[in-house]
Amino acid sequence: METTKEIVINTEPFVVNFGPAHPSTHGVFRMRMTLDGEVIVDMEPVFGYLHRGIEKLAEERTYTQIIPLTDRLDYLASMSNNLAYCLAVEKLAGIAVPERAEYIRVIIAELQRVASHLCAVGFFLNDCGAFMTPVLYMLRERERVLDLFDMVCGQRLTYNYMRVGGVSQDVPDEFIPAVKKFVREMPGWLDEYERLLKENEILLARAKGVGILPRDLAINIGASGPVLRASGVPWDIRKADPYSIYDRFEFDVPVGLAGDCYDRYRVRVEEMRQSLRILRQAIKDLPRGGEVRSQVPHLIRPPVGEAYGHLEGPRGELGFYLVSDGSIAPYRFHVRAPTFINLTALADMMRGWKIADAIIVFGSIDICMGEVDR
Amino acid sequence: MTLALSGKDIAAKIEGKFPKSVVEAAAESLLVEAESLSEIAAYLKNTPGLDFDYLTAVSGVDYLDCFEVVYHLTSIEHNHSLVLKARCYNRENPVLPSVVGLWRTADFQEREIYDLLGISFEGHPNLKRIALWEGFEGHPLRKDFL
Amino acid sequence: MEIEEVYSSRELDKVEGKAINEFIAGHQQVIPDPDRWLDEELERNILLTSVDAVLNWARRTSMWPVVCFPACCAFEFITTEASRFDLSRFGMEIVRASPRHADLMITAGTLTWKMAPQVKRIYDQMAEPKWVIAMGACAISGGIFASSYSVVPGYNRIIPVDVYLPGCPPRPEALIHGIRMLHQKISRKSLISGGE
């Protein structure tokens, strides 16, 4: 009679460093993962590798000089950063913005949302394993948006276009026809991507059910943006606390049900479609002529006080908390960085999954290290 | 539109339950004593009608005679917001109670305030530097850091 | 599930922090640029042999960059690699994660002291011959963040830089110009002169 002998191998968890220089971490982000085999048992995020001291630097610059600093926070959505900061200063100093500037701001902000989501979705699919193809397709569309921004302010990445009280210069004549052309053609491109990806078996197998963020945890950790909406919370600052002129536009807010990586991807693609819808309405109603910047003094001296101005950026609720002591520079400049706060639950989302899934979870949160570290 | 609740209205509600805890109730913000911060925060979160379940941001400010920590609270259900503040007058070793037990958002944000301003939070499970490295001398956002 | 701690994160942080402080103390001087061999060549009137020409052609037409993407310039590098400003026509589309396979480091982003030991480690792991392009204002001198408490004022504090490329961020066309300048530099290098 044969007996089988059971051999017990002693295993113990070991720590792997997912170092700061890694092709799959979007930027310099480090994770110390405790693994049991290939399953993640615990994860500790370490950041600060891009901490440039923006909050301290801002205390010695005038209010207008801080705008280029805000560009470099979330460098994939610089226009939104500029706009959030200008909203905060306008709230603090009580400055009104002319009509044409408001419409231009909305058009630029929604174009920026499309560009940022294209990048986010492209790199998420890159992480899923569709090695370079979706990224190259989406970067091609992103180039068209960057061409529009180039037309407006001459820069492709860090724009420094918004100013306190409006925008720095009016849009050239060829801008609006170019935006109309883009808005006409973009849904076709989105349909092409959806045809390739929406029901793709591999994407469904890799992203559905992975990295679930439950609704209560999402609210508790202060998540915002697509991460919060994919978990079933219909909270969008453009609807809940409308800033600028968003209350004049009709658009829907996509909300996911399961809170997994696939839902976050779908929420982002739907948000792009809604952005195109807002763009169509904004272009139609853009006032002809008018100032694009209200009269503000060269050195802005807001009254003593504080203000918190926020907006719905592509990555979440971007807010600026400013404390003024009446001088030309802010006394305190604090950034409420959405991706920094969204990362709070990363360890919870990754526990129990394998390393390959960890990359997908991380890609679906869509971070930008300039903002996480400031 | 998010309704920014007045500090004075909330102060009226709190005074009954937590006497002598409100230091200053202004139209835009509510300043409370540091010792009663945890209880007031729990009250604001759990009371039906207030339901501040979403902590938007935690910021620290260095006024030269004291440190102030500002909590921006929001309620998703009722769509109203409140600014809650607490001060700490000890310059050498400032300590404030942590609100991580109520809102996990405060986890990284309080670590960042500890790193850059030097305010310790009692009750935080993992209070260590987050943006700078261990061994960095000083706290950069303080006004006396050169 | 309660797991016992495999490592103590505070101890690890302290060890790493000490290493960073020592690194800062040891890297306060600017490292001179490695182009003295360019002047020597003119002095000694060395002509390039056909062996040199072939080697230089091989080296410059297939330089593989290594992953070193701290900040915003990284995105201009990525768009340079994308379909519009195609970098693979220079043979450079493969961005190697492993520094052993790479021979070019395009430093795309601000360098902080916390990250500096890691970048130096990646540079040391690259095999000779290797080149460095400092891309962007932050890489040349610290850029807009130069006066910050945690930013290294330029990559040439820690690694020798061959080409400096200004811009914030430099446009893809400027990056390609910088790469072409590096190609010209490489094509003048001779085996006999024994340059670095």
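The values are calculated or read from the model by the stated rules, or taken from the named source; none is laboratory data. Note that this is a predicted model, so its numbers are computed, not measured. Every residue, glycine as well, gets a Cβ built from its backbone with ideal geometry; the counts of neighbours run over all protein chains shown.
All of (1) assigned to a strand (DSSP E or B); (2) crowded, with 21+ Cβ neighbours inside 10 Å hold for B:Leu116 with one exception: (1). I'm told A:Tyr75 meets every condition in (1) under 16 Å from the mean Cα position of the chain (by Cα); (2) at pLDDT 90 or above except one. Can you identify the failing condition by its number? Every condition holds for A:Tyr75 apart from (2).
Taken over the stretch A:229-243, the residue count meeting the criterion of being within 18 Å of the chain's Cα centre (by Cα), more than 9 Å from every other protein chain (Cβ to nearest Cβ) and in contact (Cβ under 8 Å) with a residue 24 or more places away in the chain is 6. Applying the set (1) more than 10 Å from chain A (Cβ to nearest Cβ); (2) part of a loop (DSSP other than H, G, I, E, B); (3) in contact with a strand residue (DSSP E or B) (Cβ under 6 Å, 6 or more places away or on another chain) to C:Ile94 leaves exactly one unmet item: (3).
Filter the stretch C:130-164 for residues that are more than 29 Å from B:Leu132 (Cβ to Cβ) and either in contact with a Gly (Cβ under 6 Å, 6 or more places away or on another chain) or not in a loop (DSSP other than H, G, I, E, B) (or both); which is farthest from the other protein chains (Cβ to nearest Cβ)?
Applying the first criterion (more than 29 Å from B:Leu132 (Cβ to Cβ)) to the stretch C:130-164 yields C:130-131, C:162-163.
This time we only want the ones that are either in contact with a Gly (Cβ under 6 Å, 6 or more places away or on another chain) or not in a loop (DSSP other than H, G, I, E, B) (or both), so: C:131, C:163.
On the way: C:Trp131: 18, C:Val163: 20 Å.
Among those residues, the one meeting the criterion is C:Val163.
For C:Met181, state whether it is part of a loop (DSSP other than H, G, I, E, B) and either in contact with a strand residue (DSSP E or B) (Cβ under 7 Å, 6 or more places away or on another chain) or over 28 Å from A:Arg140 (Cβ atoms) (or both).
Numbers: part of a loop (DSSP other than H, G, I, E, B): no; either in contact with a strand residue (DSSP E or B) (Cβ under 7 Å, 6 or more places away or on another chain) or over 28 Å from A:Arg140 (Cβ atoms) (or both): yes.
Criteria not met by C:Met181.
For the stretch A:321-335, the set of residues classified as facing another protein chain (nearest Cβ under 7 Å), farther than 13 Å from A:Ile54 by Cβ and surrounded by 24 or more Cβ atoms within 10 Å (Cβ to Cβ) consists of A:Tyr321 only.
Put simply, of B:Arg104, B:Arg87 the only residue that is without any contact (Cβ under 8 Å) to a residue 12 or more places away in the chain and among the basic types (Lys, Arg) is B:Arg104. The helices (runs of 4 or more DSSP H) located wholly in the stretch A:17-126 that include 3 or more residues which are at negative phi and either more than 14 Å from chain C (Cβ to nearest Cβ) or of a type outside the set (A, V, I, L, M) (or both) occupy A:66-71, A:78-93.
Looking at this structure, is B:Asn126 among the polar types (S, T, N, Q) and within 24 Å of B:Glu24 (Cα to Cα)? Walk me through how you get there before you give the answer.
On the way: among the polar types (S, T, N, Q): yes; within 24 Å of B:Glu24 (Cα to Cα): no.
Criteria not met by B:Asn126.
Residues that are within 13 Å of another protein chain (Cβ to nearest Cβ) and among the hydroxyl-bearing types (Ser, Thr, Tyr) were ranked within the stretch C:58-91; the one that is nearest to the chain's Cα centre (by Cα) is C:Thr80. In this entry, A:Gly363 is excluded by the filter for residues that are under 30 Å from A:Leu203 (Cβ atoms), of a type in the set (Gly, Ala, Ser), more than 9 Å from chain B (Cβ to nearest Cβ) and part of a loop (DSSP other than H, G, I, E, B). Of the numbered conditions (1) touching a helix residue (DSSP H, G or I) at 6+ places or on another chain (Cβ under 6 Å); (2) over 18 Å from C:Pro34 (Cβ atoms), C:Tyr164 fails exactly one; give the number of that condition. Failing condition for C:Tyr164: (2). Of the listed requirements (1) at pLDDT 90 or above; (2) out of contact with any Leu (no Cβ under 7 Å at 6 or more places or on another chain); (3) within 14 Å of chain C (Cβ to nearest Cβ), A:Leu139 misses just one: (1). Across the stretch C:1-23, the qualifying residues are those that are of a type in the set (A, V, I, L, M), surrounded by 10 or more Cβ atoms within 10 Å (Cβ to Cβ) and out of contact with any strand residue (DSSP E or B) (no Cβ under 7 Å at 6 or more places or on another chain), and the one among them that is modelled with the lowest pLDDT is C:Leu12. Scoring B:Tyr71 on the criteria (1) touching a His at 6+ places or on another chain (Cβ under 7 Å); (2) among the hydroxyl-bearing types (Ser, Thr, Tyr); (3) under 23 Å from A:Glu306 (Cα atoms) leaves a single failure, condition (1).
Among (1) without any contact (Cβ under 8 Å) to a residue 60 or more places away in the chain; (2) surrounded by fewer than 22 Cβ atoms within 10 Å (Cβ to Cβ); (3) facing another protein chain (nearest Cβ under 10 Å), where does C:Thr112 come up short? Single failed check for C:Thr112: (2). Among the numbered conditions (1) surrounded by fewer than 20 Cβ atoms within 10 Å (Cβ to Cβ); (2) part of a helix (DSSP H, G or I), the only one that A:Gln169 does not meet is (2).
Could you go through the stretch A:157-166 and let me know if any residue there is within 14 Å of chain C (Cβ to nearest Cβ), of a type in the set (S, T, N, Q) and assigned to a helix (DSSP H, G or I).
First, pick out the residues of the stretch A:157-166 that are within 14 Å of chain C (Cβ to nearest Cβ): A:157-160.
Next cut, of a type in the set (S, T, N, Q) only: A:158, A:160.
Those left that are additionally assigned to a helix (DSSP H, G or I): none.
No.
Entry remark, the stretch B:110-140: residues being more than 13 Å from chain A (Cβ to nearest Cβ) and of a type in the set (S, T, N, Q) number 1 in total.
Evaluating B:Lys143 against the criteria (1) touching a residue at least 60 places away in the same chain (Cβ under 8 Å); (2) over 24 Å from A:Val46 (Cα atoms); (3) more than 9 Å from chain A (Cβ to nearest Cβ); (4) surrounded by fewer than 20 Cβ atoms within 10 Å (Cβ to Cβ) leaves one unmet condition, (3). Within the stretch A:58-70, the set of residues being surrounded by 21 or more Cβ atoms within 10 Å (Cβ to Cβ) and either in contact with a strand residue (DSSP E or B) (Cβ under 8 Å, 6 or more places away or on another chain) or closer than 29 Å to A:Met31 by Cα (or both) comprises A:Ala58, A:Ile66, A:Ile67, A:Leu69, A:Thr70.
Checked against the criteria, A:Val8 counts as more than 9 Å from chain C (Cβ to nearest Cβ) and not aromatic (Phe, Trp, Tyr). From the list A:Gly316, A:Gly309, the lone residue that is more than 10 Å from chain B (Cβ to nearest Cβ) and either among the acidic types (Asp, Glu) or surrounded by fewer than 24 Cβ atoms within 10 Å (Cβ to Cβ) (or both) is A:Gly309.
Quick check on B:Ala27: is it closer than 29 Å to A:Glu59 by Cβ and small (Gly, Ala, Ser)? Considered against the rule, which asks whether it is closer than 29 Å to A:Glu59 by Cβ and small (Gly, Ala, Ser), B:Ala27 comes out as yes.
Do we find a residue being of a type in the set (D, E, K, R) and under 30 Å from A:Ala93 (Cβ atoms) anywhere in the stretch A:151-158? Walk me through it before giving the result.
Quick first cut of the stretch A:151-158, residues of a type in the set (D, E, K, R) only: A:156.
Now drop any that are not under 30 Å from A:Ala93 (Cβ atoms), which leaves none.
No: the stretch A:151-158 contains no residue that is of a type in the set (D, E, K, R) and under 30 Å from A:Ala93 (Cβ atoms).
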